[in-house]
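Below is one structure, written out as structure tokens; the observations come after it.
The values are calculated or read from the model by the stated rules, or taken from the named source; none is laboratory data. In this text the structure is predicted, and so the values were computed from the model without any measurement. Please note: Cβ atoms are built from the backbone with ideal geometry, for glycine as well, and neighbour counts cover all protein chains shown.
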């Protein structure tokens, strides 16, 4: 989910963060539903905003960027129109594409309980007793909640729902997360 764009020093480095995922078309004029993946939709989705487009699994998107033309909410669903999209067929071709924007690599969300995916990748994972479980390799969007991918010392990838009950502590400055591990979550079930 993370790609760096400028590396002229850490102060200038930026990363792409996912702010939404395009869903089904709405109507026949190119409007699409958007699954919001940001706590700041009013800031990220404004008329004139330019968003990078990426298909999951690195498949080329039909267009590399989209410029927001219109924004509205309908029954709790965000609906967007884009300058580059005319008609239902063009909107359908974008289904499943991720919408991304650049943020400074050292930026942090305003809410201390929120994190960008690139901040979590590379953190050491420990259980509540201090035993090392592995390393967080990435954050993936899930249907009900996001999932931390933890690479264990034996090379397995464990998926941990990124909820407070299972991940009670994230210490970015200390480079670690604490996971309330349960048998079968990160640690394998005993035979």
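Quick one: would you say residue 139 is within 20 Å of the chain's Cα centre (by Cα), crowded, with 18+ Cβ neighbours inside 10 Å and at pLDDT below 95? Taking the combined requirement at face value, the residue satisfies it. Residue under question is residue 147, and the condition is that it be buried (at least 16 other Cβ atoms within 10 Å of the Cβ), over 23 Å from residue 41 (Cβ atoms) and not assigned by TED's automatic domain parsing to the domain that holds residue 45; does it hold? So residue 147 does not fit the description; no. Taking the condition at pLDDT 85 or above and either farther than 27 Å from residue 166 by Cβ or under 13 Å from the mean Cα position of the chain (by Cα) (or both), does residue 92 pass? Here the answer is yes, as residue 92 does meet what is asked. Being within 13 Å of the chain's Cα centre (by Cα) and assigned by TED's automatic domain parsing to the domain that holds residue 53: is that true of residue 100 here? Taking the combined requirement at face value, the residue satisfies it. Suppose the filter is at pLDDT 85 or above and touching a strand residue (DSSP E or B) at 6+ places or on another chain (Cβ under 7 Å); does residue 21 pass it? Yes. Among residues of the range 1-16 being assigned to a strand (DSSP E or B) and modelled with pLDDT of 50 or more, the one that is farthest from the chain's Cα centre (by Cα) is 14.
The lone criterion from (1) touching a helix residue (DSSP H, G or I) at 6+ places or on another chain (Cβ under 9 Å); (2) touching a residue at least 40 places away in the same chain (Cβ under 8 Å); (3) assigned to a strand (DSSP E or B); (4) closer than 23 Å to residue 54 by Cα left unmet by residue 148 is number (2).
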